[in-house]
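Engineer: My questions all concern the structure below.
The values are calculated or read from the model by the stated rules, or taken from the named source; none is laboratory data. Quick caveat, the model's predicted, so the values are computed rather than measured. No Cβ is skipped: glycine too gets one built from the backbone with ideal geometry, and neighbour counts run over all protein chains shown. Please note that ligands, DNA and RNA were not included when accessible areas were found on the heavy atoms of the full protein model with its side chains. Shrake-Rupley method; radii C 1.70, N 1.55, O 1.52, S 1.80 Å.
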Amino acid sequence: MKSISPIIWNGLSLELLDQRLLPEVERYVHCHTFDDVKKCIEKMVVRGAPAIGVTAVFALLLTARKYLQSFAGPTEKHKFFFSRFQSHLETHGAILKKTRPTAVNLAWGVERILNKSRNLKKASPLEIIEGLEEEAKIIFDEDIEINQKIGEQGAKLIGDHYTILTHCNAGALATAGYGTALGVIRSAFRQGKKIMVYVDETRPFLQGSRLTAWELQKEGIPFSLIVDSAAGYYISKKDVDCIIVGADRIAANGDVANKIGTYSLAVLAKENDVPFYVAAPLSTVDMSIDSGKKITIEERDAEEITKFRELTLAPVGINAKNPAFDITPAKLITALITECGIIKLPDQNKMIDLYNKRGEHS
Ligand code: MRU
């Protein structure tokens, strides 16, 4: 089966599958500059926490390459050249971090490149470009491997004939490939388990109906699309065996920021005794934040609610609010599925333990 490739680095430029046009049109946007990539992140050409983390890495590579190629260096002392270059990269990293403030993978990807660059301070401009490109490719490959590990771990929680509910899109499109929450579903299906998925449409950007449904259809996984407000109906009828979602940021106490509507699902799960799972890589864990209450929630343009493409959905000029994410407290989470294993009932101690063990699994 042909895999889904939302991000392609062709050695010169970055090609991003335009997720705003799916499912009707499969078209790539070609990004030649840092600004091209930044715009694509802001406009949701590419979205999903791990995917924007990986994309940010290539944005920095593009600006580094442009800077170093135009460097008139031989007359300058290398030390001064390098500190100016590093501060150029840091400034651009800071710009990227602000584009989508909730998804911590963006900041994580930026830091990986800045660290790599620091380690290259004695290298020539050409060696720096090569070193950063190598790191970017490693980050890309690692993301897919990590997703596959999350899939393997998570599939242990999925029984034969399970009905699973998912929200938003935490699939191949939201990562470098394969997916986190949808990766678990994919792995269970590939193991031969007969599963069925309820897909929340996920207003207002419709990541569920446009993107998750597209991915499941391509893979041949049985599913039914439902409106977000139908989730409670099916959960209360005991039609759902478990709920699996992804995450944009996980605080040190296990609280999870994810697509708006996730918290309501977790409350519904608790009320109806249905397991609620969050699947995410460790790059989504932010140990510098001790509680979900401190996570910045991105507010997006109200037009995403009042209009869809050219269609007007509400009276012109009204007020509308569009928080893109909400916080699910750790106490509502049955288990966190990561590449390093499954953490049941996550709390601060278990998160510290998990974080300390991360090196053993890489
Ligand atoms: O606004 P989006 O589409 O970037 O939000 C994406 C989500 O909320 C996903 O559930 C999350 O990033 C996990 S993706 C593997």
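Table: residues versus (1) in contact with a Pro (Cβ under 9 Å, 6 or more places away or on another chain); (2) closer than 16 Å to residue 206 by Cβ.
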site	(1), (2)
300	yes, yes
305	yes, yes
316	no, no
329	no, no
338	yes, no
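Engineer: Has segment 192-201 got at least one residue that is modelled with pLDDT of 95 or more, crowded, with 24+ Cβ neighbours inside 10 Å and charged (D, E, K, R)?
Structural biologist: Taking every residue of segment 192-201 in turn, at least one turns out to be modelled with pLDDT of 95 or more, crowded, with 24+ Cβ neighbours inside 10 Å and charged (D, E, K, R).
Engineer: Let me ask another. Within segment 154-184, which residues are over 21 Å from residue 264 (Cα atoms) and among the aliphatic types (A, V, I, L, M)?
Structural biologist: Those that are over 21 Å from residue 264 (Cα atoms) and among the aliphatic types (A, V, I, L, M): 155, 157, 158, 172, 173, 174, 176, 184.
Engineer: Taking residue 114 as the residue in question, decide whether it is within 16 Å of residue 65 (Cβ to Cβ) and over 22 Å from the mean Cα position of the chain (by Cα).
Structural biologist: No: the conditions fail for residue 114.
Engineer: Also, I was wondering about something else. Let me confirm something: among 107, 94, 123, which residue is in a helix (DSSP H, G or I), more than 16 Å from the ligand (Cβ to nearest atom) and of a type in the set (Gly, Ala, Ser)?
Structural biologist: 94
Engineer: Separate question: Taking the condition closer than 22 Å to residue 218 by Cβ, in the same structural domain as residue 86 (by TED's automatic domain parsing) and touching a Cys at 6+ places or on another chain (Cβ under 6 Å), does residue 22 pass?
Structural biologist: no
Engineer: I'd like to check something: does segment 302-309 contain any residue that is touching a residue at least 12 places away in the same chain (Cβ under 8 Å), within 29 Å of residue 110 (Cβ to Cβ) and buried (at least 19 other Cβ atoms within 10 Å of the Cβ)?
Structural biologist: Taking every residue of segment 302-309 in turn, none turns out to be touching a residue at least 12 places away in the same chain (Cβ under 8 Å), within 29 Å of residue 110 (Cβ to Cβ) and buried (at least 19 other Cβ atoms within 10 Å of the Cβ).
Engineer: Can you say whether residue 162 is of a type in the set (Ser, Thr, Tyr) and more than 13 Å from the ligand (Cβ to nearest atom), as far as the supplied structure shows?
Structural biologist: Spelling it out, residue 162 is indeed of a type in the set (Ser, Thr, Tyr) and more than 13 Å from the ligand (Cβ to nearest atom).
Table: residues versus (1) among the β-branched types (Val, Ile, Thr); (2) in the same structural domain as residue 107 (by TED's automatic domain parsing); (3) over 25 Å from residue 148 (Cβ atoms).
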residue	(1), (2), (3)
277	no, no, no
293	no, no, yes
301	no, no, yes
305	yes, no, yes
324	no, no, yes
331	no, no, yes
340	no, no, no
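Engineer: If only one of 96, 120, 132 is free of Cβ contacts under 8 Å to residues at least 40 places away in the same chain and not polar (S, T, N, Q), which one is it?
Structural biologist: 120
Engineer: Let me ask another. Could you figure out which of (1) touching a residue at least 60 places away in the same chain (Cβ under 8 Å); (2) within 16 Å of the ligand (Cβ to nearest atom); (3) touching a helix residue (DSSP H, G or I) at 6+ places or on another chain (Cβ under 6 Å) isn't true of residue 277?
Structural biologist: Among (1) touching a residue at least 60 places away in the same chain (Cβ under 8 Å); (2) within 16 Å of the ligand (Cβ to nearest atom); (3) touching a helix residue (DSSP H, G or I) at 6+ places or on another chain (Cβ under 6 Å), residue 277 violates only (3).
Engineer: Continuing with this model, one more query. Looking at (1) within 10 Å of the ligand (Cβ to nearest atom); (2) assigned to a helix (DSSP H, G or I), which is the one condition that is false for residue 210?
Structural biologist: The number of the failed condition is (1).
Engineer: Of all residues in segment 333-342 being open to solvent by 20 Å² or more (accessible area, probe 1.4 Å) and more than 16 Å from the ligand (Cβ to nearest atom), which is farthest from the chain's Cα centre (by Cα)?
Structural biologist: 334
Engineer: So, of the residues in segment 206-230 that are farther than 22 Å from residue 307 by Cβ and of a type in the set (Gly, Ala, Ser), which turns out to be surrounded by the fewest Cβ atoms within 10 Å (Cβ to Cβ)?
Structural biologist: For segment 206-230, the residue satisfying everything is 220.
Engineer: When residues of segment 36-56 are filtered for being more than 16 Å from the ligand (Cβ to nearest atom) and surrounded by 22 or more Cβ atoms within 10 Å (Cβ to Cβ), how many remain?
Structural biologist: Summing the residues that are more than 16 Å from the ligand (Cβ to nearest atom) and surrounded by 22 or more Cβ atoms within 10 Å (Cβ to Cβ) in segment 36-56 gives 0.
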